[in-house]
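One structure is given below, encoded as structure tokens.
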Amino acid sequence: MPLRSDWSDKPCPIARSLDVLGDPWTLLVLRELFAGNVRFEGLRTALGSSDNVLAARLARMTEAGLVARIPYGGTVRPRVEYRLTDAGRDALPVLHALANWGAKHTTAPQWARPMAITCTECGQPAQSADWCTSCNQPLTVERTEWTRPGADGPPVHLAAVV
Ligand SMILES: [Zn+2]
């Protein structure tokens, strides 16, 4: 018996999207990749996942065309990094919508600093998942900076790491 339903041939694009994106691990891996955490060990540490769950998730995301495996480290001991494809990068507004919804409708732990999504063109907080309403520009990887709740240090400019 399959673990879940196959929605890949549903007429509704929301259902088809959920067939690809609708697993929490997938969205959390995407979050990490947007923030520049692109190697297996770093992903495992950030997500607290077991090797087999993470490997299975990355394989499925690669098969689905969300990420590409890019070799690094030379030919003696080749390793891979996971990089977002165009389809993966197109999921940025999905993560922004989840961040905005979570900030509005869920309670953060008291120790967590708020997640800030900032437009780097004008320096203003993003008011929308895919559009900067201050300077009236799309909120792309090239124009977006994240201040992450669980991470110390300066904001991450997504274009510098994606
Ligand atoms: Zn702006």
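The values are calculated or read from the model by the stated rules, or taken from the named source; none is laboratory data. The structure presented is a predicted model; accordingly, all values stated were derived computationally and were not measured. Here the Cβ is made from the backbone with ideal geometry for all residues, glycine too, and neighbour counts use every protein chain on show.
In the set (1) under 24 Å from Leu18 (Cα atoms); (2) of a type in the set (Val, Ile, Thr); (3) within 14 Å of the ligand (Cβ to nearest atom), the condition left unmet by Val94 is number (3). Among the numbered conditions (1) β-branched (Val, Ile, Thr); (2) surrounded by fewer than 16 Cβ atoms within 10 Å (Cβ to Cβ); (3) free of Cβ contacts under 8 Å to residues at least 60 places away in the same chain, the only one that Val94 does not meet is (3). A Cβ distance below 7 Å, combined with a sequence gap of six or more or placement on separate chains, defines the contacts here; from region 135-147, residues that are without any contact (Cβ under 8 Å) to a residue 24 or more places away in the chain reach residues that are in a helix (DSSP H, G or I) and within 11 Å of the ligand (Cβ to nearest atom) in the pairs Gln137/Arg143. Of the candidates Arg83, Arg89, the single residue that is at pLDDT 95 or above and surrounded by fewer than 16 Cβ atoms within 10 Å (Cβ to Cβ) is Arg83.
Screening Ala87, Ala64, Ala103 for residues that are out of contact with any strand residue (DSSP E or B) (no Cβ under 7 Å at 6 or more places or on another chain), away from the ligand (no atom under 13 Å from the Cβ) and touching a residue at least 24 places away in the same chain (Cβ under 8 Å) leaves exactly one candidate, Ala64.
Inspection of region 130-144 identifies no residue that is among the hydroxyl-bearing types (Ser, Thr, Tyr), within 16 Å of Glu32 (Cβ to Cβ) and surrounded by fewer than 17 Cβ atoms within 10 Å (Cβ to Cβ). What's the total number of residues in region 140-162 that are touching a Ser or Thr at 6+ places or on another chain (Cβ under 7 Å) and either in a loop (DSSP other than H, G, I, E, B) or at positive phi (or both)? Residues in region 140-162 being touching a Ser or Thr at 6+ places or on another chain (Cβ under 7 Å) and either in a loop (DSSP other than H, G, I, E, B) or at positive phi (or both): 1 in total.
With respect to the conditions (1) touching a Lys or Arg at 6+ places or on another chain (Cβ under 9 Å); (2) within 16 Å of the ligand (Cβ to nearest atom); (3) not hydroxyl-bearing (Ser, Thr, Tyr), Pro149 falls short on a single one, namely (2). Condition first: farther than 15 Å from Leu92 by Cβ and more than 8 Å from the ligand (Cβ to nearest atom). Now tell me which residues in region 117-132 satisfy that. Correct list: Pro125, Gln127.
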